[in-house]
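Report on the structure given below.
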Amino acid sequence: MVIARVRLTDYHLPLTIYRFLNPMKYHHHFIVKAPLAEVAAFHNRSASMGAITPPPVIVRVHRAPPLLAEGDEMAFTMWLGPLPIHWLARIEQVTPISFVDRQMQGPFTKWVHRHTFMPIDDTTTAVIDDVEGIPSEQWFWRLVGLGMWVNLPVLFAYRGWQTRRLLENK
């Protein structure tokens, strides 16, 4: 009796699957009428995350220092309705005008979010967000991650609006 050997290369995944093996990229920017130092300080506070997260998403921070610095970690749960999404992010590459939060644990295989703050003049700052992500290989978390990804425009539009509201109306 001969048993055929099956190689992974004998099966071809649909092209749509291959595109999720490469990082997805998202870019967003907005202008806030506040000085660079004030905008950067706002985004360096761990409490700001909950303040700029749109309803109906609820964020509960479990562990994070009040002011985020190089190497700090922030553990939190995002509730999307009844679904808890546990996340651990590490703060990296901190400069006076930028920092990166990198997902260490969470729904994505890779999630890297670069926050950049560029002064336009003494009282106006551009906030630039660049996100790179790869969905999880687990089918459930892949679906959750892709659902989150397609909603990034809504999330970042709200964050821009709320950041302007909080910093411009002081």
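The values are calculated or read from the model by the stated rules, or taken from the named source; none is laboratory data. Because the structure is predicted, anything quoted here is derived from the model rather than measured. With ideal geometry, Cβ positions are generated from the backbone for all residues, glycine too; neighbour counts draw on all protein chains shown. These accessible areas exclude ligands, DNA and RNA; they are computed on the full protein's heavy atoms, side chains included. Shrake-Rupley method; radii C 1.70, N 1.55, O 1.52, S 1.80 Å.
With respect to PRO66, is the statement that it is more than 17 Å from the chain's Cα centre (by Cα) and open to solvent by 30 Å² or more (accessible area, probe 1.4 Å) true? The answer is yes for PRO66. Taking (1) surrounded by 13 or more Cβ atoms within 10 Å (Cβ to Cβ); (2) touching a Lys or Arg at 6+ places or on another chain (Cβ under 6 Å) in turn, GLU168 satisfies each apart from (1). For the range 73-82, the tally of residues that are open to solvent by 20 Å² or more (accessible area, probe 1.4 Å) and either touching a helix residue (DSSP H, G or I) at 6+ places or on another chain (Cβ under 7 Å) or among the aromatic types (Phe, Trp, Tyr) (or both) stands at 1.
Within the range 23-51, residues that are in contact (Cβ under 8 Å) with a residue 40 or more places away in the chain and under 22 Å from MET74 (Cα atoms) sit with their Cβ atoms under 9 Å from residues that are buried (at least 17 other Cβ atoms within 10 Å of the Cβ) and of a type in the set (Ser, Thr, Tyr), at 6+ positions apart or across chains, in these pairs: GLU38/THR125; VAL39/THR125; VAL39/THR163; ALA40/THR125; PHE42/SER48; PHE42/THR163; HIS43/THR163; ALA51/THR163. Against the conditions (1) open to solvent by less than 70 Å² (accessible area, probe 1.4 Å); (2) touching a helix residue (DSSP H, G or I) at 6+ places or on another chain (Cβ under 8 Å), PRO96 satisfies every one except (1). Taken over the range 89-139, residues that are in contact (Cβ under 8 Å) with a residue 12 or more places away in the chain and outside any strand (DSSP E or B) amount to 8.
Filtering the range 30-48 for residues that are over 28 Å from ILE120 (Cα atoms), modelled with pLDDT under 95, of a type in the set (A, V, I, L, M, F, W, C) and open to solvent by 60 Å² or more (accessible area, probe 1.4 Å) leaves an empty set. Restricted to the range 125-144, and to residues that are open to solvent by 20 Å² or more (accessible area, probe 1.4 Å) and at pLDDT 95 or above, which residue is nearest to VAL32 (Cα to Cα)? Ranking the candidates gives ILE128 first.
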